[in-house]
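The values are calculated or read from the model by the stated rules, or taken from the named source; none is laboratory data. These figures come from a predicted structure and were not determined experimentally. So basically every Cβ, Gly included, is an ideal-geometry build from the backbone, and we count neighbours across all protein chains shown. The area values use the complete protein model at the heavy-atom level, side chains included, leaving out ligands, DNA and RNA. Shrake-Rupley method; radii C 1.70, N 1.55, O 1.52, S 1.80 Å.
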Amino acid sequence: MASPGLSSAVRCVFCGLNLALIVHPLHAELPASFWGKMEAGVTGRSIHVRADTPLHSLLHEACHAACAADGPFVCDAGGCDDEESAVCAMQLILAEALPGVGSTRLARDMDRWGYSFREGSAIDFLHGDGREALTWLATSRPAIWSVVARLSGMSLS
């Protein structure tokens, strides 16, 4: 999150999802990071990052925290396969609300990191199984979908 504009947009997304963004010093160990090192961590509704945390990691953990059906968690969201797919689709959609990012750039970052989808690439997932995942989100977590749709300008029709 190098630019102030991007940081402000991320905070706006987090506010809409009722999440807190906690920024730690560059070389600090991030609390509750599932993947360790620079990857985002989750404690309840707080997402822990540093300046070198990849945006896909920040968004992925934020989406898990927003979607968690069993309430706040630490480190590992658990959840079902449908929820994991919805989280991946949701992070791609929310990237549209971030200046200079968008779903295409975030999909490339996800592909480089090693996300794996039946369709191959993250962008192909978004236009394939991701549509079904977003429908699941709209049905299973309607309040969250309402925020995502408002922030991204997307509808499922």
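Here are a few things to note about the model shown:
- Selection within the stretch 2-39 - in a loop (DSSP other than H, G, I, E, B), among the aliphatic types (A, V, I, L, M) and out of contact with any His (no Cβ under 8 Å at 6 or more places or on another chain): Ala2, Leu17, Leu19, Leu26, Ala28, Met38
Table: residues versus (1) open to solvent by 20 Å² or more (accessible area, probe 1.4 Å); (2) at pLDDT 90 or above.
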| site | (1), (2) |
| --- | --- |
| Ile47 | no, yes |
| Ala68 | yes, no |
| Val87 | no, yes |
| Ala95 | no, yes |
| Arg105 | yes, yes |
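- When we screen Leu55, Leu17, Leu21 for residues that are closer than 20 Å to Trp145 by Cβ and either open to solvent by less than 40 Å² (accessible area, probe 1.4 Å) or of a type outside the set (S, T, N, Q) (or both), the only hit is Leu17.
So that you can scan it fast, the table gives a plain yes or no per residue for (1) touching a Pro at 6+ places or on another chain (Cβ under 8 Å); (2) under 19 Å from Cys15 (Cα atoms); (3) open to solvent by less than 30 Å² (accessible area, probe 1.4 Å); (4) of a type in the set (D, E, K, R):
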position	(1), (2), (3), (4)
Ala51	no, no, no, no
Asp81	no, no, no, yes
Trp113	yes, no, no, no
Gly120	no, no, no, no
Thr139	no, no, no, no
Val147	no, yes, yes, no
Arg150	no, yes, no, yes
Ser155	no, no, no, no
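- The one condition from (1) in a helix (DSSP H, G or I); (2) in contact with a strand residue (DSSP E or B) (Cβ under 9 Å, 6 or more places away or on another chain) that Val42 does not meet is (1).
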